[in-house]
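The values are calculated or read from the model by the stated rules, or taken from the named source; none is laboratory data. Please read these numbers as outputs of a predicted model, since none were measured by experiment. FYI the Cβ positions are ideal-geometry reconstructions off the backbone, even for glycines, and counts take in every protein chain you see. To get the accessible areas, we keep the full protein, side chains included, count just its heavy atoms, and leave off ligands, DNA and RNA. Shrake-Rupley method; radii C 1.70, N 1.55, O 1.52, S 1.80 Å.
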Amino acid sequence: MVSRSYSNLLELASGEAPSPSFGRMSRRIPRIMTVAGIMSDLDDDGSESVCSDPSSSSAQKDRIIVVANQLPIRVQRKTDGSKGWLFSWDENSLLLQLKDGLGDDEIEVIYVGCLKEEIHPNEQDEVSQILLETFKCVPTFVPPDLFTKYYHGFCKQQLWPLFHYMLPLSPDLGGRFNRLLWQAYVSVNKIFADRIMEVINPEDDFVWVHDYHLMVLPTFLRKRFNRVKLGFFLHSPFPSSEIYKTLPIREEILRALLNSDLIGFHTFDYARHFLSCCSRMLGISYESKRGYIGLEYYGRTVSIKILPVGIHMGQLQQVLSLPETEAKVSELVQQYNHQGRTLLLGVDDMDIFKGISLKLLAMEQLLLQHPEKQGKVVLVQIANPARGKGKDVQEVQDETNSTVKRINEVFGRPGYQPVILIDKPLKFYERIAYYVVAECCLVTAVRDGMNLIPYEYIISRQGNERLDKVLKLDSSTPKKSMLVVSEFIGCSPSLSGAIRVNPWNIDVVADAMDSALVMPEPEKQLRHEKHYRYVSTHDVGYWARSFLQDLERTCKDHVRRRCWGIGFGLSFRVVALDPNFRKLSMEHIVSAYKRTTTRAILLDYDGTLMPQNAIDKKPSAKTIEIIKTLCRDKNNMVFIVSARSRKTLADWFPTCEKLGIAAEHGYFLRMNQDEEWETCIPEVECCWKEIAEPVMQLYTETTDGSVIEDKETSMVWSYEDADPDFGSCQAKELLDHLESVLANEPVTVKSGQNIVEVKPQGVSKGLVAKHLLNEMQEKGMSPDFVLCIGDDRSDEDMFEVIMSSVSGPSMAPAAEVFACTVGRKPSKAKYYLDDTTEIVRLMQGLASVADQMSPQM
């Protein structure tokens, strides 16, 4: 990771300042959009797409551009009567903690994001310069009305509820999809992209985008710079495919995220849901290689990172050492411990998903079931102000206040309130003091992306020597802490010593609270030790370094790939291919066809001449006419090489008398209709079918949409019409099952595109290619033109044989060889075509040339 340094990027004010120089680009940096406007989500200017050649650069520091909705900056208007603003770091911001974790000596961090206050357009240039020079921050200025539609509209009323599993079944339950709000969201993401363009050096800098506010930003960045090194981390949950697919712009967001190089999630569940959506909605499956999960997307590998964020250990330990913290802890000890009361603590935002009211009901249940705890147990609920606005926030506040009032009226007494609600903002040290004193921390959100409250509580309970004195603890005594956490929050999987609960089950939560209070001290100490060991080693620095290491690993091949952009608007994506892998052009192959005299043409059928998803698999009259035309040229040897049975293929091509057919992957072979079928390998017994058929039948009965195809020498289990996730899972099980029961039989078991196949050992399409080339050589017709087209794994055998025979005796010297795969993917072929439509068009072009040349034959 290397970067050119930058300086004086914002030449301000009059426009008469000299243009800044940045890499090979030189332009004055404009102020971004100071008037309201909505940009269409189909905005597309192809001239903006940059596919630059890799170049070396002199480096000072590694550099990363961190992009988020909000900058880690506190803003306030000057109070002395003068115009202007005061800026300071927001120490509680994860983005700032991320920078500290990486270390200033190793990496230079630039921030791009919005400020929490509205800045008048006349002040924006001055503010931009101050923030860049003092804080290395690039503010993104969004007009207020546009920001409202983007943030309070689309982000908070549509994306946020849906990602937390709330469907807009009625106007009161989350926002119904509104295309104007979606266009505002796209427009703001575009503004962010424009702002990043002002500071990025695309060959060197890494860009790290954060959270659901900026999910389409990767498309705009990838469009500008095809090789941009781009990571994205989602801090919220990613919902299951059943929830996500209700989003009208579901594919646009998925494709935008796939324009990243690395996508990060807190938990495996969130990653699994995302991968399932990619599979079900885009037909893209993932692979796990040596511990890394990746998706192949138009020749690019999009990696998946699963790692929960951590806390800033240094900051927390510093706050624990403050005199103010010590004084507050002393005050709380006097208020609770010295009164013989045990403190339970809840710290949550005041929103609908934090489950505050459910927690209060569980407290009420605890006091009802255990009257002896009345007067002895206090729940302090710290309710931070909600980040969003709306009717639902007010309803949560009203319900919380009424529930607290009812519990205190029923169970309270003079000098004792069982529930204390703190709904005003607390300073960080005050919150830490509550953590230090609390016997148990309750985090019972019904849905939350991560939630670092339990981590903060664990570190706070570890304390330090000065706090031990206040608490009257022996510093040599092992520390203890208890956690009751919801199953539905992102930190839950990493806290194996916590009591995990379903927050909707009030009785279970109440029992968990009781268990936490009565648990033996040694067990509390063991649980705390386990948690502290994990939290202290997996801090925010560990998380940030791990993410950037994976991003660097994922991007290391960028310079070796040829990249270009295709598609319009949010359907834009980059195709990345090996420099030697290129599209087969009509002009190139027609020219080669015309100047050659002996030709071998091998064509796969399904997925090549016929689309995989076609209902009617029979060849069209057009396809048959193309094949017949090519076969009429006596200098051509045309072969269909398919996994289908010989009867099926013979029935489909009855009028193509000169067509060679290789059926069942080449086990059966005939050169034309006048010749008998032969086999590429010695004939084998098929008694193994008696073992395989019952196994396949079992999986067919348990997998709706799957079928068995029984051929003469092979059997295929197809799950093309089954649920893709379940079918894939069953296919893996079936593959293992068949390999086990057929271990002593002369067969191979292989998986393909939506199939599991059992066939005789030694049978492959490569044998067909070898047989055909040898046959032509024996007849003195070594081909000087070879065209081989296929779409799946089985066709790679043909490509391998043909490419290895180029300089051998079975081909003419300087033969024109075209091994072509369908789709842009890793292959042994040197050429590709995008789909069956292009293949049929190419074959039609060759047939036209063959027809024109026929009088000369």
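At residue 374 and residue 533, where each label point lies 7 Å from the Cα along Cα→Cβ, what is the point-to-point distance in nanometres?
Distance between label points: 4.3 nm.
Could you tell me the calculated FRET efficiency between residue 825 and residue 556, based on Cβ-Cβ distance and R0 = 25 angstrom, to the nearest 0.05?
0.80
Say each of residue 78 and residue 178 gets a label point 7 Å from the Cα, pointing the same way as Cα to Cβ; how far apart are those two points in nm?
3.9 nm
Tell me which of 663, 839, 543 sits at the most positive position along the dipole axis of the chain, charges placed on C-beta atoms (Lys, Arg +1; Asp, Glu -1).
Going by the charge dipole, the pick is 543.
Let me confirm the definition first: pairs of Lys residues in the stretch 227-336, 8 or more apart or on different chains, C-alpha distance under 26 Å. How many are there?
4
Using +1 on the beta carbon of Lys and Arg, -1 on that of Asp and Glu, and nothing else charged, what's the dipole of the stretch 785-857 about the Cα centre, debye to 20?
That gives the stretch 785-857 a dipole magnitude of about 180 debye.
Name the residues of the stretch 80-123 whose amide N is less than 17 Å from a point 7 angstrom out from the Cα of residue 479 along the C-beta direction?
Residues passing the 17 Å test: none.
When the chain is fully extended, how far beyond the present Cα-Cα distance does residue 427 get from residue 401, taking 0.36 nm per residue of separation?
Result for the pair: 7.2 nm of gain on full extension.
Not counting ligands, DNA or RNA, and with a 1.4 Å probe, what is residue 466's accessible surface area in Å² rounded to the nearest 10?
120 Å²
Taking residue 83 as the anchor, which lysines have their alpha carbon closer than 20 Å to its alpha carbon, excluding any fewer than eight residues away along the same chain?
Residue 83 reaches 116.
How would you classify the stretch 315-415 from its alpha-carbon gyration tensor, with a ≥ b ≥ c the square roots of the eigenvalues: rounded for a/c under 1.5, else prolate if a/b is greater than b/c, otherwise oblate?
oblate
Does a label point 7 Å from the Cα of residue 306, set along Cα-to-beta-carbon, have any residues of the stretch 423-460 with amide nitrogen under 17 Å, and which are they?
449-450
Placing unit charges on C-beta atoms (Lys and Arg positive, Asp and Glu negative, everything else neutral), compute the dipole magnitude of the stretch 123-211 about its Cα centre in debye, rounded to 20.
680 debye
Checking the cross-link filter: which lysines have an alpha carbon closer than 20 Å to that of residue 359, excluding same-chain neighbours under 8 positions apart?
Counting by Cα, and skipping residues close in sequence, residue 359 has these lysines nearby: 373, 376, 405, 424.
Points 7 angstrom from Cα along the Cβ direction at residue 549 and residue 712: gap in nanometres?
So the label points at residue 549 and residue 712 sit 5.7 nm apart.
In the stretch 713-826, what is the count of Lys pairs whose alpha carbons are under 27 Å apart, counting only pairs at least 8 residues apart or on separate chains?
14
Please report the carbon-and-sulfur percent of the accessible area for the stretch 59-143; probe 1.4 Å, protein heavy atoms only, DNA, RNA and ligands left out.
Answer for the stretch 59-143 is 42 percent, counting heavy atoms of protein chains only.
Nearest 500 deg cm²/dmol is fine: what mean residue ellipticity at 222 nm does the chain get from its DSSP H runs of n ≥ 4 alone, each adding -39,500 (n - 2.57), divided by its residue count?
Working: 27 runs with 313 residues, N = 857.
Counting only the DSSP helices, I get -11000 deg cm²/dmol.
What does the extension gain come out to for residue 542 and residue 848, with contour length at 0.36 nm per residue minus their alpha carbon separation?
Additional length available on full extension: 103.9 nm.
Quick one: accessible area per residue over the stretch 490-592, 1.4 Å probe, rounded to a whole number of Å²? Show your work: numbers first, answer last.
Values: 4700 Å² over 103 residues.
I get 46 Å² per residue for the stretch 490-592.
Roughly to the nearest percent, how much of the accessible area of the stretch 392-512 is carbon and sulfur, given a 1.4 Å probe?
Carbon-and-sulfur percentage of accessible area, whole number: 48.
What full-extension length gain, to one decimal in nm, is calculated for residue 590 and residue 129 as 0.36 nm per residue of separation minus the Cα-Cα distance?
160.0 nm
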